[in-house]
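**Student:** Before we start, here is the structure in question, set down as structure tokens.
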Amino acid sequence: MKKLWPAGPAMDRIERLLLSALQLFLVLLVALAVLDLFYLLAKGVIEQARHIETVHDLQAMLERGFAGALLVLIGLELLVTVRAYVEETRFRLEVVLVVGIIAIARHVVLIDLEHVDGVSMLGIGSLLLALVAGYYVASRPVPRVGK
């Protein structure tokens, strides 16, 4: 069967150019997210810190801050995924699974436990367990056959 796109040096250069552009985009996006996170932290401390009267109020503010930090970590892990693809020309499953684990952790931090049913919690827990088990299996060294 004939390939749709011919392989060759021109296609390699185009692929490298697109991957470099994607890396630059992710770096800029993560840098902007970090700057925005610091801005929101400063703004929140100035405006909302004096309105914190209960532990519940403090917890809500911290949960939003932690969710923002985890979002930045997702961006960094995506950058690692693209960099690994550039260096090895293959996706590293471990990195993709880590992005999924961090995304689920961020979701768990933001969940309003008073308004989520048990089936949803069971589904989230099952998904997290599957991702962690997949990461464990994918990160184990491959046994060598023979010497």
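**Student:** If you compute semi-axes √(5λ) of the Cα gyration tensor in Å for the structure shown, which of (1) 20, 19, 15; (2) 38, 24, 13; (3) 56, 14, 13 do you land on?
**Tutor:** (2)
**Student:** Given bins 10 angstrom wide, list per bin the percent of all Cα-Cα distances in the range 70-147, short to long.
**Tutor:** Pair shares across the bins are 17, 38, 29, 12, 4, 1.
**Student:** Still on this structure, please answer the following. What ranking, highest mean first, results for peptides 72-83, 112-123 when packing means the other Cβ atoms within 10 Å averaged over each residue?
**Tutor:** Ranked by mean Cβ neighbours within 10 Å, highest first: 72-83, 112-123.
**Student:** What does the helix-only formula give at 222 nm for the chain: each DSSP H stretch with n ≥ 4 adding -39500 (n - 2.57), the total divided by the residues, and the result rounded to the nearest 500 deg cm²/dmol?
**Tutor:** The per-residue figure over the chain is -28000 deg cm²/dmol.
**Student:** Then there is this: Using only alpha carbon pairs under 8 Å that are at least six residues apart, calculate the relative contact order of the range 9-139 and give it in whole percent.
**Tutor:** Once divided by the residue count of the range 9-139, the mean separation gives 26 percent.
Readers should treat all values here as calculations from the given coordinates under stated rules, not as data from a laboratory. Everything quoted here is computed from the prediction, not taken from an experiment. Cβ: placed from backbone, ideal geometry, glycine included. Neighbour counts: every protein chain shown.
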